[in-house]
1. For residues that are under 26 Å from residue 100 (Cα atoms) and surrounded by 19 or more Cβ atoms within 10 Å (Cβ to Cβ), scanning just segment 373-394, find the one that is modelled with the highest pLDDT.
2. Could you count how many residues in segment 429-461 are assigned to a helix (DSSP H, G or I), among the aliphatic types (A, V, I, L, M) and buried (at least 19 other Cβ atoms within 10 Å of the Cβ)?
3. Evaluate the following for residue 53: is it of a type in the set (Val, Ile, Thr), without any contact (Cβ under 8 Å) to a residue 12 or more places away in the chain and surrounded by fewer than 20 Cβ atoms within 10 Å (Cβ to Cβ)?
4. Would you check if there is a residue in segment 51-72 being hydroxyl-bearing (Ser, Thr, Tyr), in a loop (DSSP other than H, G, I, E, B) and more than 17 Å from the chain's Cα centre (by Cα)?
5. Having 1 or more residues that are in contact with a helix residue (DSSP H, G or I) (Cβ under 6 Å, 6 or more places away or on another chain), modelled with pLDDT under 95 and surrounded by fewer than 24 Cβ atoms within 10 Å (Cβ to Cβ) is the bar; report the helices (runs of 4 or more DSSP H) wholly within segment 273-360 that clear it.
6. Select from segment 239-267 the residues that are of a type in the set (Asp, Glu), assigned to a loop (DSSP other than H, G, I, E, B) and over 18 Å from residue 150 (Cβ atoms) and list them in ascending order.
7. How do the pairs read when you match residues in segment 385-403 that are in contact (Cβ under 8 Å) with a residue 12 or more places away in the chain with residues anywhere that are part of a strand (DSSP E or B) and of a type in the set (D, E, K, R), using Cβ under 6 Å and keeping only pairs 6 or more apart or on different chains?
8. Inside segment 385-428, can you point out the residues that are part of a loop (DSSP other than H, G, I, E, B) and charged (D, E, K, R)?
Amino acid sequence: MDGNAGLSMAIADHVAGFRADDLPASTIHAAKRALLDGMGVMLAASGISPEVTPFVDYAAQQGPGDATILGTGLRATAAMAAFANGAMAHALDFEDAFDAAPCHPNASLLPAVLAIAETGPPVSGRELLTAIAIGCDLVCRIGLSLRREMEAGGWYPPPILGAFGAVAAAGRLRRLSAEQMRDAFSLILCQVTMPGEIKYSRDTVIRAVREAFPAQAAVQASALAQAGVRGFEAPFEGKAGFFRLYAEGHYDPAILLDGLGERFFIEQLSFKRWPACRGTHAYIEAAQILRARHAIDPAAITAIVATGGEVQLMLVEPAERKRAPATAIDAKFSIPFTIGTALIDDEVTLDSFEGQALRDERKRALAGLVRFEQRPDWGRSRAASGGLSIALASGQRLEQWIDVVAGDVSRPIDDAALTAKFRDCAARAAKPLDAAGIERLASAIWGIDAAGDAAKSLTPK
C-alpha cells in the first residue's frame with residue numbers, strides 16, 4: 001500500500017454505512033431527476049436504436065428471469081437485464097452528464113440498480129434513491145480526483161469510471177458489509193476496461209452500447225462479493241490498484257473524501273436538451289442563436305469556425321469522418337455534423353440522427369465547411385463551452401460564444417421540461433406505453449421516495 005492506505009476501506013465504509021434517512025432533500029430530488037431522465041432515454045433506445053438489438057436478443061436468450069428489459073416486454077436474469085438496459089443507456093447519447101470531470105455517472109448505474117431492485121429483496125424508493133446518489137457521487141469524485149488523464153494511457157474513461165459507481169449502488173442494494181463492498185470494488189476492477197480505440201474505428205457502434213459491459217459487471221461483482229469472494233486490500237490506492245493502473249498513481253485522495261456523505265455531486269449534473277455528445281452542445285446552441293437572430297440562409301454560408309479546447313478535439317478529428325459520419329453515434333460525436341444539423345433542422349431532436357437524416361447532403365455540405373481552432377489555454381476544463389463564427393457570402397461574419405451551455409446546473413432544464421423529454425422518449429419505446437401509462441410512470445418516479453417497494457412502483461401498468 002502507498003501513503004493513502006485505507007482509502008478503499010473509507011469509501012467502502014461510506015457506501016455500506018450511510019443512513020438513507022440522512023440523505024438531504026435536495027439530493028433526493030436530484031436522484032429522482034436522474035432516474036426519470038435515465039429511464040426515459042433507455043425506453044427510447046429500445047425502440048429507435050438498432051445498435052441495441054443484438055444485446056437485447058442475447059440477454060433474452062440466456063434464460064428466464066425476473067428483471068425487465070425496458071421497453072420490450074421481455075424479462076431476463078438480473079445480469080442480463082442490466083446488460084441489455086446498459087446497452088440502451090448511452091445508445092442515443094441523451095443521458096445526464098457531469099461536465100466537471102467529464103463523465104456519464106449514471107449510464108451503467110441505473111441499469112444495474114433497476115435489475116437488482118426487481119430480483120432481490122424489496123427495496124424502498126428512498127433506499128433506491130440513496131444507492132443512486134451514493135454511486136453517482138463516487139463516479140464524479142473519482143473523475144475529479146484524477147491528476148493524469150486516463151486517455152494518456154490509451155483508455156476511454158466514461159464506462160470505466162461509471163463501473164465503480166454502478167457497483168457501489170449495486171452493493172448498497174444488496175446490503176453488502178463494508179468489507180464485502182471493498183471486495184466488490186476489487187471484482188469490478190478485474191472486469192472493467194474500455195480502450196481508446198473506441199474513438200477511431202469508423203464503422204464500430206461500441207461507443208453507443210459501451211455501458212452494457214460495466215452494468216453487467218456491477219451486478220456480477222456485487223453478487224460474487226455477497227457470496228464471499230474476497231478481493232484486494234486496496235483496490236483503489238494499492239500499488240497496482242485503480243489509480244496506478246489508469247492514472248499512473250496521479251490523483252488527489254482529498255477530493256474523494258472531502259465532504260463525503262455531506263455533499264453529493266449528483267446535484268451538479270447536467271441534463272441534455274439535445275441528443276448528442278455534451279461537447280457538441282455549445283455549438284448547437286450557438287448555431288441556433290445565430291440562425292434565429294440573423295435569419296441565416298444556409299446556402300449563403302461560406303465558412304464556419306468552431307473554437308474549443310482539448311476535449312473537443314475528439315469531436316472534430318479525423319476531419320473526414322466527422323464531416324460525413326457513417327453511424328448515428330458517430331454523428332452525435334461530431335461537432336461539424338451537429339453544427340450542420342442545427343443550421344438545417346428546426347430543432348435538433350432524436351429524429352435528426354435517424355435514417356435519411358444522417359445522409360442529408362445539406363448537413364454534410366455545411367459540416368464540410370467547419371474548421372476547428374483550438375484554445376490551448378482552455379485545457380480540459382471547458383468541455384461544454386465553445387465559440388462559433390459563421391462567414392456569409394455577403395462578407396458578413398457572425399459570432400456567438402457559449403460559456404455555459406443549456407442544461408448546466410446553472411442553466412438547468414426544469415422538472416417540467418425534463419418530464420416532457422421523458423414523455424417523448426417513452427413514446428418511442430419498442431412497446432410504447434399509452435399516454436396514460438406514460439403519465440403514471442412519470443408520477444411514480446417523482447413520488448418514488450414514498451414507495452415501500454420501488455420495483456413494483458416502477459413496473460408499467
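1. It comes out as 388.
2. 9
3. yes
4. There is at least one residue in segment 51-72 that is hydroxyl-bearing (Ser, Thr, Tyr), in a loop (DSSP other than H, G, I, E, B) and more than 17 Å from the chain's Cα centre (by Cα).
5. 319-323
6. 258, 262, listed by residue number.
7. Final answer for the pair search is 389/399; 391/397.
8. Within segment 385-428, 403, 408, 411, 414, 428 meet the criteria.
The values are calculated or read from the model by the stated rules, or taken from the named source; none is laboratory data. No experiment lies behind these values; they were computed from the predicted model shown. Counting neighbours? That spans all protein chains shown, and the Cβs are built from the backbone with ideal geometry, glycine included.
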